[in-house]
Amino acid sequence: MIWTFANEFQQTHGKLNVMINNAGCMIHERQMTADQLESNFATNTLGAYILTTALIPLLQKSEDARVITVSSGGMLVQKLNVEDLQFEKGQFDGTMSYAQNKRQQVIMTEQWAKTYKNIHFSSMHPGWADTPAVRASMPSFHARMKDRLRTATQGADTLLWLAVSSSASQQPSGLFFQDRSPVSTHLFLAQTRATAEEEHKLMKILEELAEKFKPGTCDNASPK
């Protein structure tokens, strides 16, 4: 369905100026989509990959095209595990799956920035905000922290700044932002850095999965 939407969007729009990847989920039990993909990975990582890459041709028609992906500070505790992208091994943990997906999104953003020089890519952490998604997916965290959480408007501030500000587009492409400033994607001494080979393998796997689910490919449907 993502491929179909992207194809239809390109047929009805002359260009695309700003794209924001904000769709996401945190499912705490390992569930599979109809296409036999782990649901968190399918939504947070592969869905964002397919939609973005499918719309690259349209983005390239804009003079100031921007792609912003809403990641999370939770990714700071995760090192890319390219050998188990869909959590097939060991006990499933929905929170860690989500954090791993958010690490994958940051790496995707960095890799896209290297490949597509005429599009400005960025990822960002909105800060911990009091949203329906946080209340539903992290009820214990919300109960402990609700008096210190940001409003949804505060959480969206950096996202909107990245989308429309001229100063944001002057920043190097591929950075990770919080509170309108680029910040490190790794905690000090956390040992969460992936190798170039691991990052390349992630992109290769995503490319192969995306091609597999293209309309017209035998025996497959588009990811839901």
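Residue 143 to residue 207: FRET efficiency via 1/(1 + (r/R0)^6), r the Cβ-Cβ distance, R0 45 Å, to the nearest 0.05?
Numbers: r = 41 Å, r/R0 = 0.91.
Efficiency, from the Cβ-Cβ distance: 0.65.
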- Item | Gain in span if fully extended, residue 198 to residue 89, counting 0.36 nm per residue against the direct Cα distance | 37.4 nm
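So what is the accessible area of the range 1-158 per residue, in Å², with the probe set to 1.4 Å?
Working: 7450 Å² over 158 residues.
The answer is 47 Å² per residue.
I'd like the per residue volume of the convex hull spanned by the Cα atoms of the chain, given in cubic angstrom.
Numbers: hull volume 30.1 nm³, N = 224.
In the chain, the Cα convex hull volume per residue is 135 Å³.
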- Mind running the shape call on the range 151-199? Use the C-alpha gyration tensor, a ≥ b ≥ c as the square roots of the eigenvalues: rounded below 1.5 for a/c, prolate if a/b tops b/c, oblate otherwise. prolate
- Query: Along the range 41-47, what does the Karplus equation 6.51 cos²θ - 1.76 cosθ + 1.60 (θ = phi - 60°) give for ³J(HN,Hα), rounded to whole Hz, x for Gly and Pro?
  - Reply: 4, 4, 7, 6, 10, 5, x
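By the scheme Lys and Arg +1, Asp and Glu -1, what is the net charge of all other residues having a beta-carbon under 12 Å from that of residue 71?
Values: positive: 102, 103; negative: 110.
Summing Lys and Arg as +1 and Asp and Glu as -1 gives +1.
First compute the accessible area of the range 89-200 with a 1.4 Å probe, then give the percent of it belonging to carbon and sulfur atoms. Display every interim value, and only then the final one.
On the way: 3370 of 6230 Å².
Carbon and sulfur atoms account for 54 percent of the accessible area of the range 89-200.
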- Message: For the pairs 102/204; 117/201; 114/201; 15/102; 117/204, flag any whose C-alpha to C-alpha distance is greater than 25 Å.
- Response: 15/102
- Nitroxide proxy distance, nm - points 7 Å out along Cα→Cβ at residue 152 and residue 167: 2.7
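The values are calculated or read from the model by the stated rules, or taken from the named source; none is laboratory data. A quick note: this is a predicted structure, and the numbers were derived from the prediction, not measured. We place every Cβ from the backbone using ideal geometry, glycine too, and count neighbours over all the protein chains shown. In case anyone asks, the SASA skips ligands and DNA or RNA and just uses the protein heavy atoms, side chains included. Shrake-Rupley method; radii C 1.70, N 1.55, O 1.52, S 1.80 Å.
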